[in-house]
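To start, the structure under review is shown below, and the notes come after it.
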Amino acid sequence: MIDIEFLSQCTDEQINSGVAWAKLSSLSLKDYEKRSSTAMFKWYGPSRGYQSYCMSPNHAWPIIDSNGITVGPVFTSSDRIKIATCKDFWIRDANGLRAAMIVYILMMVAK
């Protein structure tokens, strides 16, 4: 089952793959029919270049913006932690983009 505990144990590469999967699953049937599965793999897969949603604001920001995800700092005694929230989901992580991508995956799984 895909939940917060499972995703928190995933590597950045696994989170990036999860985001690509979630983007594919959110396509409407009309959009999906326009593209073959091979074309979709080329768009999101290694042949187009590594999509580093967890490390690249250029890749992550369109997802964050279009889904209403908020990312901000939370200051604790000695660590700088980021929090990402949207609706009923919130994640704390040292990497704000990673936290936002986990929130996005959880949102897509909950649909």
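Per-structure values
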read-out	value
Given (1) small (Gly, Ala, Ser); (2) in a loop (DSSP other than H, G, I, E, B); (3) at pLDDT below 90, index of the condition Gly68 fails	(3)
Inter-residue pairs, beta-carbon under 8 Å, first open to solvent by 50 Å² or more (accessible area, probe 1.4 Å) and in the range 88-111, second among the polar types (S, T, N, Q), 6+ apart	Lys111/Ser26
Condition broken by Tyr53, with the remaining ones in (1) in contact (Cβ under 8 Å) with a residue 40 or more places away in the chain; (2) over 11 Å from the mean Cα position of the chain (by Cα); (3) surrounded by 17 or more Cβ atoms within 10 Å (Cβ to Cβ) satisfied	(2)
Selection from the range 56-87 of residues that are surrounded by fewer than 18 Cβ atoms within 10 Å (Cβ to Cβ) and aliphatic (A, V, I, L, M)	Val74, Ile81, Ile83
Qualifying residue in the range 76-85 (condition: of a type in the set (Val, Ile, Thr), out of contact with any Asp or Glu (no Cβ under 9 Å at 6 or more places or on another chain) and over 15 Å from Ala22 (Cβ atoms))	yes
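The values are calculated or read from the model by the stated rules, or taken from the named source; none is laboratory data. On a predicted model such as this, the values are computed, not experimentally measured, just so you know. Positions of Cβ are generated from backbone atoms using ideal geometry, with glycine treated the same way; all protein chains shown enter the neighbour counts. To get the accessible areas, we keep the full protein, side chains included, count just its heavy atoms, and leave off ligands, DNA and RNA. Shrake-Rupley method; radii C 1.70, N 1.55, O 1.52, S 1.80 Å.
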